[in-house]
Amino acid sequence: MKVAIYSGAIPSTTFIENLIKGISKNNTVYLFGTKNGEYNNINQNTKIVYNYKSKIGKLTVTAFRLLLVLLKYPNRIKVIFKEHNKYESRYSKFIFVSKAAGVMLHLPDVFHIQWAKDLEKWLFLKEQLDVKIVLSLLGSHINYSPIKDKVLAQSYRDNFPKVDKFHAVSHAISQEAIKYGALESKTQVIHSILSEELFVKTSNSGIKSKKIKILSVGRYHWIKGYRYALDAIKILKDNNILVDYTIVAMHSNNEELLFQINQLNLQDSVTIINGLSQQDVFSLMATSNLLLLPSLNEGIANVVLEAMAMSLPVISSDCGGMSEVVKHRETGWLVPIRNPKAIADAVIDYSQTSNKELSNIVKNANELIKSEFNTKENIAQFINLYKSVMN
């Protein structure tokens, strides 16, 4: 069975890379996309077909691949140029052809699309070449992009019914996708795949310190709710609770954030770090007391799962599928969205929780992750999902 796991970028997100690693142990996996850095997740079953960033490289490789497709699979050339006519500008036509040529040369049995926004441009594989389409329902592409983009919402309604199978990271996001035509009977919830190293090599005992070190990790975007986290830090500071709050976020030098920090006089309590490697994030987790997720919407945030695997206590907003893993005062603290006081109260509650009770909360969270996010079981579920569409 040949499976293509398509995100458009190589390497991709942690979840997608863990999926590739697991599936490729016993199956051929093709990766199509633009090279965005060094790629180490390679074994003999992983076949990489890069798209090149430079115009000359892209033009040369595309011409070579088209020639090979013409010689080996002449009928597929007709499909490429039939589809390319749907694009308006010469540039968009060329970009499509450059991406499609690599896929046509290594046509998979199953094409697993990671981002819902990419679905429309690849459905021709199913309609004209009988390639099975699996679509992952992930985060912003389902939870809020179609709400603000009516054209995208209509595209989902038109195309979701054509998908062979859906993979959802949470029950909550699967219900959201039903609004756009995803069939519940074709949707399978498979939780994220975590690196097993998290349970062994890096851990945090959850031991409290006099000054509470709080960590948030995620790209800078209004949906991540950092403004409410900063308001909560102000409440804590006004109540003489000693805290250090660190935000690790790409593009985090945002004027709105910096203005709020200065306005609230939090310069001595808040540190913003503009992106870190995954290993450096894990190291920071290992020296923190709490992970805070103040988001307004999520599928199930990987950073929360990673924290729970590392036995780092978690405070999360009750958004998307987060309540499926964060059970209030059982596996962490769950607070309403857009509620700085609730966040501050949860931090205070954490500080007043006995070491024995905190140890139980951390243990419950760790055991939940081990049982619900078991790598071998989840990989087996993905393989069965692919086999089911082949049948």
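The values are calculated or read from the model by the stated rules, or taken from the named source; none is laboratory data. These numbers were taken from a predicted model, which means no experiment stands behind them. Glycine gets a Cβ as well: all are built from the backbone with ideal geometry, and neighbour counts include every protein chain shown.
Observations, loosely collected:
- Subset of region 57-79 that is surrounded by fewer than 17 Cβ atoms within 10 Å (Cβ to Cβ) and of a type in the set (D, E, K, R) - its residue that is nearest to Ser98 (Cα to Cα): Lys78
- Matching residues, region 16-29, being surrounded by fewer than 22 Cβ atoms within 10 Å (Cβ to Cβ), of a type outside the set (Gly, Ala, Ser) and under 20 Å from the mean Cα position of the chain (by Cα): Glu17, Asn18, Lys21
The rows are residues; the columns are (1) closer than 25 Å to Gly181 by Cβ; (2) of a type in the set (A, V, I, L, M, F, W, C); (3) part of a helix (DSSP H, G or I).
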| residue | (1), (2), (3) |
| --- | --- |
| Glu83 | yes, no, yes |
| Lys93 | no, no, yes |
| Phe111 | yes, yes, no |
| Glu120 | yes, no, yes |
| Glu127 | yes, no, yes |
| Ser136 | yes, no, no |
| Ile142 | yes, yes, yes |
| Pro146 | yes, no, yes |
| Leu152 | yes, yes, yes |
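- Within region 247-338, strands (runs of 3 or more DSSP E) holding 1 or more residues that are out of contact with any Leu (no Cβ under 8 Å at 6 or more places or on another chain) and farther than 16 Å from Asn366 by Cα: 270-273, 290-293, 333-335
- Of all residues in region 346-391, exactly one satisfies the criterion of being among the hydroxyl-bearing types (Ser, Thr, Tyr), in contact with a strand residue (DSSP E or B) (Cβ under 7 Å, 6 or more places away or on another chain) and under 19 Å from Val325 (Cβ atoms), namely Tyr350.
- Count of region 81-113 residues which are within 17 Å of Lys132 (Cα to Cα) and either among the small types (Gly, Ala, Ser) or modelled with pLDDT under 95 (or both): 1
- Of all the numbered requirements in (1) within 30 Å of Lys162 (Cβ to Cβ); (2) among the hydroxyl-bearing types (Ser, Thr, Tyr); (3) at pLDDT below 95, Ser311 misses one, and that requirement is (1).
- Condition met for Pro294 (touching a Ser or Thr at 6+ places or on another chain (Cβ under 6 Å) and not basic (Lys, Arg)): yes
- Members of region 142-187 found to be in contact (Cβ under 8 Å) with a residue 12 or more places away in the chain, within 23 Å of Leu125 (Cα to Cα) and of a type in the set (Gly, Ala, Ser), listed by number: Ala153, Ser155, Ala168, Ala177, Gly181, Ala182
- Residues being over 23 Å from Val389 (Cα atoms), not in a loop (DSSP other than H, G, I, E, B) and not hydrophobic (A, V, I, L, M, F, W, C) are entirely absent from region 155-174.
- Some residue of region 287-300 being of a type in the set (D, E, K, R), within 16 Å of Ser317 (Cβ to Cβ), surrounded by 15 or more Cβ atoms within 10 Å (Cβ to Cβ) and in the same structural domain as Ile343 (by TED's automatic domain parsing): yes
- Residues in region 206-219 that are surrounded by 13 or more Cβ atoms within 10 Å (Cβ to Cβ) and either at pLDDT 90 or above or farther than 15 Å from Leu236 by Cβ (or both): Gly206, Ile212, Lys213, Ile214, Leu215, Ser216, Val217, Gly218, Arg219.
- When region 43-76 is filtered for residues that are assigned to a helix (DSSP H, G or I), of a type in the set (D, E, K, R) and out of contact with any helix residue (DSSP H, G or I) (no Cβ under 8 Å at 6 or more places or on another chain), only Lys55 remains.
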